[in-house]
Amino acid sequence: MANSKPSSSSSSSSNLRCHHCAGPLSKDMETSDWTIPPLIRDSFSMIGSAVGGTTSAFYGFNHVMPVVQRRIKGPMWLHFLIGAPPVIVFSSACAGLAGGAIPAVAQLISSSYHAAFSPPPLPPPSKDDEIQKSRTSSTI
């Protein structure tokens with residue numbers, strides 16, 4: 001396994017985190033250790049879309065079709081013609097929401113894990129620290 005600790009000063013400056021919330025202070029989040037790789041994120045998106053679409057289709061047909069059959073009298077193809085479009089819209093919306101929510105939750109879990117188990121970053125030096133250093137280093 002490769003060492004994930006920063007080895008140079010430029011690498012450590014790109015992994016800066018806020019000392020209050022552990023949020024990133026650089027724009028290099030796609031290459032950070034805190035992000036999930038794109039392949040895994042896309043896989044979660046695909047799985048989420050499939051699960052969300054399938055479960056919402058079952059839910060929609062089981063709840064919409066009995067209502068349509070009670071309210072509209074006629075052949076079965078008419079029930080399907082009237083009941084299918086709302087189920088398809090509902091299923092598509094749930095697939096889209098699940099396809100976006102599952103990778104976002106995976107990223108949140110990954111970031112929270114890294115924030116909880118990584119050493120806290122040092123706070124940035126304040127002006128008082130700079131003044132104190134200049135007083136102690138000067139030869140008066």
Just one listed residue, out of I88, I47, I40, I72, is at pLDDT 85 or above and either under 24 Å from S111 (Cβ atoms) or of a type in the set (K, R) (or both), and it is I47
Would a scan of segment 76-84 turn up a residue that is exposed (fewer than 14 other Cβ atoms within 10 Å of the Cβ), among the aliphatic types (A, V, I, L, M), in contact with a Leu (Cβ under 9 Å, 6 or more places away or on another chain) and at pLDDT below 90?
-> no
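The values are calculated or read from the model by the stated rules, or taken from the named source; none is laboratory data. Keep in mind that this is a model prediction, so the values were computed, not measured. So basically every Cβ, Gly included, is an ideal-geometry build from the backbone, and we count neighbours across all protein chains shown.
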